[in-house]
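Student: I have a structure I would like to understand better, so I am pasting it below and will then ask my questions one at a time.
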Amino acid sequence: MLRGDLTGDDLEKYVEERVVTTTLEKVLNQARAHSIFPATFGLACCAIEMMSTVSPRYDIARFGAEAFRASPRQADLLILSGRVSIKMAPVVRRIYDQMLEPKWAISMGACSSSGGMFQNYAVVQGADKFMPVDVHVPGCPPRPEALLYGFTKLQQKIMGNADPGWRSRYNAHGTEEWARGGPASQPSEEAIEAYAKAREVLGA
């Protein structure tokens, strides 16, 4: 198109349809979300499922994360794929601390998220006890599709549109264990009211 081909309202409409304005922060977050380098790090049986995400069947390269890095200095995502023993916790924390900012962590499977079936003195009952975790992926073990789903949730979080948790979606704040004072305590009035509202929303 040459100068003078469009004027007035036609020119304004042409520009509005073709020009997008944004911020530098949004562009950086978009780039970060689609160029994640996970660490080559596995803890237990969930690591087998994590490894299969790079296979042609699941192909995590579609999301820009196929380059698993062997050094924490080059990685920005730590996937805790398996149970974390008490002895292993300081090692995992050191690897996380050696990663450069910005960095993220996914807790993959029931064992790393809550201890899973290993409710004993040797296993940490949830990786978020000793390091920050951005996304928890349930399952024992979770299938590669579940890890990819958790990965896309992390991408949304990095880009600034994280999905609200189920307590926010169903207005169920106050049903947490700490809000009741512990597993052996009676729920507070606020917790009972929030639980009733959540059941109403669900139609239960």
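No value in this document is a laboratory result; all are computed from the given coordinates. Keep in mind that what you see is a predicted model, and the values were worked out from it rather than measured. As a convention, Cβ positions derive from the backbone with ideal geometry for all residues, glycine included, and neighbour counts pool all protein chains shown.
Student: Hey, what angle do you get for helix 24-33 against the long axis of the chain, alpha-carbon based, 0 to 90 degrees rounded to 10?
Tutor: The angle comes out near 50 degrees.
Student: If I fit a long axis through the Cα atoms of helix 144-158 and take the longest principal axis of the Cα atoms of the chain, what angle between them do I get, 0 to 90°, rounded to 10?
Tutor: 60 degrees
Student: Step by step: find N for the chain, compute 2.2 N^0.38 Å, then divide the Cα radius of gyration by it. What's the final number?
Tutor: 1.34
Student: Using only the alpha-carbon atoms of segment 6-108, report the extent along each of the three principal axes, biggest first, to the nearest angstrom.
Tutor: Taking max minus min along each principal axis of the Cα atoms, segment 6-108 gives 71, 32, 19 Å.
Student: Please rank Y121, Y149, fewest neighbouring Cβ atoms within 10 Å first, as an exposure proxy.
Tutor: Y121, Y149
Student: In a shell of Cβ-Cβ distance under 12 Å around A146, excluding A146 itself, what net charge do Lys and Arg (+1) and Asp and Glu (-1) give?
Tutor: Once all neighbours under 12 Å are counted, the net charge is 0.
Student: Quickly work out the E193-to-R3 label distance, labels modelled 7 Å from Cα along the C-beta direction, and quote it in nm with one decimal.
Tutor: With each label placed 7 Å out from Cα toward Cβ, I get 6.8 nm.
Student: Right, here's the next one. Mind pulling the angle between the C-alpha long axis of helix 89-98 and the longest principal axis of the chain? Nearest 10 degrees, somewhere in 0 to 90.
Tutor: 20 degrees
Student: Dipole size in debye (nearest 20) for segment 27-163 around its Cα centre, Lys and Arg Cβ +1, Asp and Glu Cβ -1?
Tutor: Value, rounded to 20: 240 debye.
Student: Which is farthest toward the positive dipole end of segment 1-42 among L6, G42, T23, measuring Cα position about the Cα centre, with Cβ charges +1 (Lys, Arg) and -1 (Asp, Glu)?
Tutor: In segment 1-42, that residue is G42.
Student: Take the chain, connect every pair of alpha-carbon atoms lying under 10 Å apart with a spring to form a Gaussian network, then pick out the residue of P72, P102, P142 with the largest mean-square fluctuation.
Tutor: P102
Student: Taking 20 Å as the cut-off for C-alpha to C-alpha distance, list the pairs among K129/K197; K26/K129; K26/K157; K26/K153; K103/K157; K157/K197 that go past it.
Tutor: Check vs 20 Å cut-off fails for K129/K197; K26/K129; K157/K197.
Student: Taking 0.36 nm per residue of separation and subtracting the Cα-Cα distance, what length does fully extending S55 through R69 add?
Tutor: Full extension from S55 to R69 adds 3.4 nm.
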